[in-house]
Amino acid sequence: MITVDRVSKTRSRTRILHDVTFEARPGRVTGFLGPNGAGKTSTLRILLGLDRPESGAALICGRPYRKLDRPLTTIGALLDGSGAHRARTARAHLRWVAASNGLPDSRADEVLEIVGLTGDARKRAGRFSLGMSRRLGLATALLGDPEVLVLDEPVNGLDPVGIRWMREFLRNSAAQGRTVLLSSHLMSELAEIADDVIVIDKGRIVARGSLAEVTGDHRTLEDAFFALTATEAVRPW
Amino acid sequence: MVSRVRAELRKLLGLPTAWVGLVLGTLTAPAIVLLNAPYTRRAIAAGTLTDTSDLGLRDLGVGLIGPMVLGVIAVSSEYTSTSQHAPGARQLTATLTAVPDRLRLLVAKTAALVLVVAAQAAVAATATLGLTQVLHGDHVPAPAPARVAGAILYWTLTALLAYAITLITRNGIVPLTLLVINSTVVSVSYLLTKITDLASYLPDIVGAQMFIRDADFPVEIAPLTAGLVMTAWVAVLLAIGAVLFQRRDA
Ligand SMILES: Nc1ncnc2c1ncn2[C@@H]1O[C@H](COP(=O)(O)OP(=O)(O)OP(=O)(O)O)[C@@H](O)[C@H]1O
Ligand SMILES: [Mg+2]
């Protein structure tokens, strides 16, 4: 369960988040949708305790991230990049992360297997392709077998096989009762996997509800999105 | 706590740059003793060495590059970009999602650094002083344990100083360059002592008085006082670094 309650944030004197409020519930995939620069990453970083909100609170299972003990057993996060130092092998990276949360070394190979990187365990992270980095980042998120998953643009950089794999993985995770929150600016992608949708634009939540509720009378989520964010299509000359 | 320190030890010792610091720092001083042996013998014979009890301890100084590298990269490795695909992505994200309590994280990181550097200093001091005994044993008294302890403490505090500065700058290149230049090419702190006696209390200058007796220190400071002054420097810089780390967005 994720609760974001009236979170605001200012950066370089501009307000980038205005009273952002939403929930992501267990057993459901919640899509966090918004155009570039809307504030998706900023919100997720606050949720993960990386950045501080100016006001408001973000809670995971009722507690702020910074108060979680052995957080990886509660929540797994995938942000930009893999989080692995270039000079480290995938396995070495996963092992130190596991050790920090009291998890056994054997978890490293287990999660590498889940994301299909077993053959690259001894490769340095600096040599990873974009898609491989995403997989390594996901492997890190899965180390503690967490009940909550937070992913920022998880399909970015993945090939079609990877995208389908990710979609099924997230659907299965939700089916097992996990809370899955993922951001995206790809509406068709989200429409395929999300149960619930939150739409953010210019730092404000402009819609939230089930996929059907947010789509409303519009033909597709995409149409609804353009109506909600009032983004005008650039007219070709 | 133990698991966090273990993780930080693995992180540090898993970096190739850390091994550059470990190897350079451990081997340079004994190598210098070996290379200087003929010259030192002549100096002893000619009686130009005023205090031979300083001999091996003085040579230890060149190894300080080791603790400096280790102290800097323990922090800077968190801030270097992890890949060309995501320029903003850094190891710090993985670190803070794994250990979100920043004070606990810093305690574990500091402990790991102290363990590694103290072990390195003990090995380097044993090798350097042992070699000095083997080569010039007839003329050089066995080193006093308190002075050896002072040297190990100096190495550890130097690493912590580099670490604290990098915590403030969040970038390793500037502090490492300045620290290494200051300890090898031109010692700015030493030049400052020519201008003002106050410079004798700069951390690198005052710290050396913990274990080196005879040098042209403009102000004589007792070893214990010297240790306390250097510790105070480190404590203040660490406190500033910790407060900034706590407050800043990752
Ligand atoms: N370090 C920063 N300093 C100043 N402004 C920032 C900073 N980081 C982000 N912003 C601003 O905050 C706003 C939200 O950015 P954010 O990265 O959260 O958007 P996003 O929804 O994740 O976009 P994208 O789809 O491109 O990833 C943008 O207007 C951005 O310019
Ligand atoms: Mg983003």
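Under the rule of -39500 (n - 2.57) per DSSP H run of 4 or more residues, summed and divided by the residues of the protein assembly as shown, what mean residue ellipticity at 222 nm is obtained, to the nearest 500 deg cm²/dmol? Provide the component values of the computation, followed by the final result.
On the way: 19 runs with 259 residues, N = 487.
Mean residue ellipticity at 222 nm (helix-derived): -17000 deg cm²/dmol.
With both bridge residues required to lie in the protein assembly as shown, what share of the DSSP beta bridges run antiparallel, to the nearest 5%? Mind dumping the intermediate values first?
Working: 21 of 39 bridges.
Roughly 55 percent of the beta bridges in the protein assembly as shown run antiparallel, per DSSP.
Below 14 angstrom from the Cβ of A:ILE16, what's the summed charge of the other residues (Lys, Arg +1; Asp, Glu -1)? Don't skip to the end; give the middle numbers.
Working: positive: A:LYS9, A:ARG11, A:ARG13, A:ARG15, A:LYS40, A:ARG45, A:ARG52, A:LYS202, A:ARG204; negative: A:ASP19, A:ASP51, A:GLU54, A:ASP201, B:ASP249.
Within the 14 Å Cβ shell, the charges total +4.
Per residue and in Å³, how big is the convex hull formed by the alpha-carbon atoms of the stretch B:134-199? Please list the in-between numbers first.
On the way: hull volume 10.6 nm³, N = 66.
Convex hull of Cα atoms, per residue: 161 Å³.
In degrees between 0 and 90, to the nearest 10, how far off the longest principal axis of chain B does helix B:102-136 point, with axes built from Cα atoms?
20
Where does each of B:113-123, A:79-89 land if you order them by average Cβ count within 10 Å, highest first? Before the final figure, lay out the partial values.
On the way: B:113-123: 19.9, A:79-89: 23.7.
Result, highest mean first: A:79-89, B:113-123.
With 5 Å bins from zero, work out the P(r) of the stretch B:1-51 over every alpha carbon pair and list the percent per bin.
4, 17, 13, 13, 11, 9, 8, 7, 8, 7, 3, 0
Please count, across the protein assembly as shown, the pairs of lysine residues with Cα atoms under 15 Å apart that sit 8 or more places apart or on different chains.
On the way: A:LYS9/A:LYS40; A:LYS9/A:LYS202; A:LYS40/A:LYS202; B:LYS11/B:LYS109.
Lysine pairs meeting both conditions in the protein assembly as shown amount to 4.
Taking the Cα centroid of the stretch A:71-117 and of the stretch A:151-171, what is the distance between the two, rounded to the nearest whole Å?
Cα centroid of the stretch A:71-117 versus Cα centroid of the stretch A:151-171: 18 Å apart.
Dividing the Cα radius of gyration by the Kirkwood radius, what Rg/Rh value follows for the stretch A:164-211? Before the final figure, lay out the partial values.
Working: Rg = 11.5 Å, Rh = 11.6 Å.
For the stretch A:164-211, the value is 0.99.
If one puts a single equal scatterer on every Cα of the stretch B:67-203 and applies the Debye formula without solvent, what log₁₀ I(q)/I(0) results at q = 0.22 Å⁻¹?
Rounded to two decimals, the profile gives -1.30.
Over the stretch B:157-250, what number does the Rg to Rh ratio reach, with both radii from the alpha-carbon atoms and Rh per Kirkwood? Walk me through the numbers before you get to the answer.
On the way: Rg = 14.3 Å, Rh = 14.1 Å.
Across the stretch B:157-250, the Cα-based Rg/Rh ratio is 1.01.
What whole-number distance in Å separates the alpha-carbon centres of the stretch B:160-187 and the stretch B:191-250?
A separation of 14 Å, based on Cα centres.
Give me the net charge of A:ALA191's neighbourhood, meaning all other residues with Cβ under 14 Å from the Cβ of A:ALA191; Lys, Arg count +1, Asp, Glu -1. It would help to have the intermediate numbers written out before the result.
Working: positive: A:ARG167, A:ARG171, A:ARG219; negative: A:GLU189, A:GLU192, A:ASP195, A:ASP196, A:GLU213, A:GLU222, A:ASP223.
With Lys, Arg at +1 and Asp, Glu at -1, the neighbours total -4.
Per the Kirkwood formula on distinct C-alpha pairs, the Rh of the stretch B:53-148 is how many angstrom? Don't jump to the answer; show the numbers that get you there.
Numbers: mean 1/r = 0.0618 Å⁻¹.
Roughly 16.2 Å, rounded to one decimal.
Once you have the alpha carbon radius of gyration of the protein assembly as shown, what is it after dividing by 2.2 N^0.38 Å, with N set to its residue count?
Values: Rg = 27.6 Å, N = 487, 2.2 N^0.38 = 23.1 Å.
Here the answer is 1.20, to two decimals.
With both bridge residues required to lie in chain A, what share of the DSSP beta bridges run antiparallel, to the nearest 5%?
Numbers: 20 of 38 bridges.
DSSP beta bridges in chain A are roughly 55 percent antiparallel.
When all C-alpha to C-alpha distances in the stretch B:2-247 are sorted into bins of 10 Å, what percent of pairs does each bin hold, rounded to whole numbers?
The percentages, shortest bin first, are 7, 30, 34, 19, 8, 2, 0.
Grab the other residues whose beta carbon is less than 11 angstrom from that of B:LYS109, score K and R as +1, D and E as -1, and report the net. Don't jump to the answer; show the numbers that get you there.
Details: positive: B:ARG4, B:LYS11, B:ARG102, B:ARG104; negative: B:GLU8, B:GLU78.
Taking every other residue near B:LYS109 into account, the sum is +2.
Just grab the label-to-label distance for A:THR73 and B:ARG248, each label 7 Å out from Cα along the Cβ direction, in nm (one decimal).
That separation, rounded to one decimal, is 3.2 nm.
Enter the angle in degrees (range 0 to 90, nearest 10) between the Cα long axis of helix B:145-169 and the first principal axis of the Cα atoms of chain B, meaning the one along which they spread out most.
30
What is the mean number of Cβ atoms from other protein chains located within 10 Å of the Cβ atom of each residue in peptide B:7-13, rounded to a whole number? Don't skip to the answer; put the middle values down first.
On the way: counts 8, 3, 2, 9, 9, 1, 2.
Taking the mean over all residues of the peptide, I get 5.
Compute the distance from the alpha-carbon center of the stretch A:27-44 to that of the stretch B:18-56, in whole Å.
Rounded to whole Å, the Cα centres lie 61 Å apart.
What angle, in degrees between 0 and 90 and rounded to the nearest 10, separates the Cα long axis of helix A:160-175 from the longest principal axis of the Cα atoms of chain A?
Tilt relative to chain A: about 90 degrees.
Given labels modelled 7 Å from the Cα in the Cβ direction, how far is it in nm from A:SER129 to B:LEU191?
5.3
Please identify which residues in the stretch B:20-50 have an amide N closer than 14 Å to a label point set 7 Å out from the Cα of B:HIS139, following the Cα→Cβ vector.
Within reach of a label on B:HIS139, which here means backbone N under 14 Å from a point 7 Å along Cα→Cβ, the stretch B:20-50 contributes B:36-50.
So how far apart, in nm, are the two label points at B:TYR79 and A:THR3 if each is 7 Å from Cα heading toward Cβ?
Going from the B:TYR79 label point to the A:THR3 one covers 3.7 nm.
Quick note: the coordinates plus some simple rules give every number you see, no bench work behind them. From a predicted model like this one, the values you see are computed outputs, not experimental measurements. Virtual Cβ from ideal backbone geometry, glycine too; neighbours counted across all protein chains shown.
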